[in-house]
Amino acid sequence: MPSVRAATTPDNFEKAFRPRSVAILGASNDITRISGRALHYLLKAGYKGEIYPVNNKRDSVQDLKAYASLEQVSSVPDMALICLPAGLLKQAL
């Protein structure tokens, strides 16, 4: 019987727990909303990696360049946070 390798690797854990880049879909300027909190806390904590706010209605979010879609981000982020209303989730995926 062939051996089965686990889908998890040390690199996967590294990306999950220490991502070098994060995309935030639905990023908002309003830090009181779920869509604004993640970005706010990354900035407040001094996150050193790349942050890609994705918002198709803004050129910038919390003083960072915003992208209209994930496709416009120049590199593949280690992690993506989806901060969208449930009704937009299917379209975003």
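Laboratory data are not the source of any read-out in this text; all were calculated from the coordinates shown. Quick caveat, the model's predicted, so the values are computed rather than measured. When we count neighbours, we look across all protein chains shown, and the Cβ atoms used for this are built from the backbone with ideal geometry, even at glycine.
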Using amide H atoms built 1.01 Å from N in the peptide plane, name the residues 5+ places from I51, or on other chains, whose amide H lies under 5 Å from its own. V22
Give me, ordered by chain and number, the residues 5 or more places off L81 or on other chains with an amide H under 5 Å from its own placed amide H. A23, I24, L25
Counting alpha carbon pairs within less than 8 Å and at least 6 residues apart, what relative contact order, in whole percent, applies to region 24-74? 32 percent
Table column - 3J(HN,Hα) (Hz), region 75-91, Karplus curve with 6.51, -1.76, 1.60, x for Gly and Pro: 9, 7, x, 5, 9, 10, 9, 9, 10, 10, x, 3, x, 9, 4, 4, 5
On a 0 to 90° scale, report how tilted helix 34-44 is relative to the longest principal axis of the chain, with both axes built from alpha carbons and the result rounded to the nearest 10. 80 degrees
Using only the Cα atoms, work out Rg/Rh for region 29-93, with Rh taken as the Kirkwood radius, to two decimals. 0.93
Could you give the length gained on full extension between A68 and A45, defined as 0.36 nm per residue of separation minus the Cα-Cα distance, in nm? 5.8 nm
Of the options L25, C83, S60, report the single residue whose Cα projects farthest towards the positive end of the charge dipole of the chain (beta-carbon charges: Lys, Arg +1; Asp, Glu -1). C83
Could you tally up the Lys pairs in region 7-93 with alpha carbons closer than 25 Å? Skip any pair fewer than 8 positions apart unless they're on separate chains. 10
